[in-house]
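Just below is one structure, and these are the notes that go with it.
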Amino acid sequence: MNTELMEALNVLEKEKNIRKEVVLKAIEESLVQACKHHFGKSDNIVVNMDYNTGEYEINMAKEVVENVEDQQTQISLPNAKILDKRAVYGSTVYVKVNSKEFGRIAAQIAKAIILQKREEENRAVYERYKLMERDLVSGVISRHFERRGEDGKSTTVNVSVNLGKAEATLMAGEQIKGEEYKVNTRMKFYVVEVKDLPKGPKILVSRSRPE
């Protein structure tokens with residue numbers, strides 16, 4: 001079993017709602033394309049992907065002929081007999097392709113899918129909460145974190161707020177003096193601003209704005 005790959009896919013499925021089958025199918029199709037780029041054709045390339053273990057095998061289907069004219073699609077009877085003793089002229093044998101040189105593609109494709117999915121999710125979150133700017137939303141206090149001041153000595157305590165589909169930040173300057181923000185407490189917040197940043201949307205909320 002390709003343990004590392006399957007563990008990563010399990011995390012994706014749980015946290016990002018990306019089904020394992022989707023990623024494995026993309027990897028399978030990409031391996032075929034990689035073979036096409038390497039060998040010049042892919043019509044006779046067969047990728048056997050085990051969707052339960054993440055293991056895969058690449059084979060090249062070759063026709064058994066008397067005179068080999070195309071090394072990519074044909075094979076002589078003596079060589080075919082080594083792979084399959086039942087081989088005869090006109091039959092098809094499957095020659096295993098060394099997939100190590102294509103192995104890195106699996107990780108590249110998986111990463112590309114993750115990034116694409118993340119970008120789609122970030123865009124959806126941004127558009128959703130951008131519409132809520134200058135409006136009230138309900139959220140749950142998830143954690144507190146300190147932010148060091150410019151003098152390097154003073155610190156302020158900011159609060160992370162779970163809005164359901166995204167995390168927002170309640171800066172120290174947007175808090176009500178003396179009000180407690182206990183973790184897991186549900187409260188109402190005013191959405192000050194939603195920024196579209198490369199790392200994902202940044203949502204700033206307030207408890208002290210007059211609005």
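The values are calculated or read from the model by the stated rules, or taken from the named source; none is laboratory data. On a predicted model such as this, the values are computed, not experimentally measured, just so you know. Cβ: placed from backbone, ideal geometry, glycine included. Neighbour counts: every protein chain shown. Heads up: the accessible areas ignore ligands, DNA and RNA and are worked out on the full protein's heavy atoms, side chains in. Shrake-Rupley method; radii C 1.70, N 1.55, O 1.52, S 1.80 Å.
Yes/no matrix, rows are residues, columns are (1) surrounded by 12 or more Cβ atoms within 10 Å (Cβ to Cβ); (2) assigned to a strand (DSSP E or B):
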| position | (1), (2) |
| --- | --- |
| LEU12 | yes, no |
| VAL23 | yes, no |
| GLU28 | yes, no |
| THR53 | yes, no |
| LYS62 | yes, yes |
| GLY90 | no, no |
| VAL93 | yes, yes |
| ILE114 | yes, no |
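Right, ALA168: within 29 Å of the chain's Cα centre (by Cα), in a helix (DSSP H, G or I) and among the hydrophobic types (A, V, I, L, M, F, W, C) or not?
Considered against the rule, which asks whether it is within 29 Å of the chain's Cα centre (by Cα), in a helix (DSSP H, G or I) and among the hydrophobic types (A, V, I, L, M, F, W, C), ALA168 comes out as no.
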Reported set for the stretch 177-211 where residues are open to solvent by less than 70 Å² (accessible area, probe 1.4 Å) and more than 33 Å from the chain's Cα centre (by Cα) is GLU179, TYR181, ARG207, SER208
The residue that is farthest from GLU15 (Cα to Cα), considering only those in the stretch 150-173 that are in contact with a Lys or Arg (Cβ under 6 Å, 6 or more places away or on another chain) and open to solvent by 30 Å² or more (accessible area, probe 1.4 Å), is THR155
Of those in the stretch 71-88 that are assigned to a helix (DSSP H, G or I) and touching a residue at least 12 places away in the same chain (Cβ under 8 Å), the residue least open to solvent (accessible area, probe 1.4 Å) is ALA80
Within the stretch 35-51, residues being among the hydroxyl-bearing types (Ser, Thr, Tyr) and either in contact with a Pro (Cβ under 8 Å, 6 or more places away or on another chain) or surrounded by 16 or more Cβ atoms within 10 Å (Cβ to Cβ) (or both) number 1
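Do the conditions hold for ASN67, that is, is it open to solvent by 50 Å² or more (accessible area, probe 1.4 Å) and of a type in the set (S, T, N, Q)?
Numbers: open to solvent by 50 Å² or more (accessible area, probe 1.4 Å): yes; of a type in the set (S, T, N, Q): yes.
Spelling it out, ASN67 is indeed open to solvent by 50 Å² or more (accessible area, probe 1.4 Å) and of a type in the set (S, T, N, Q).
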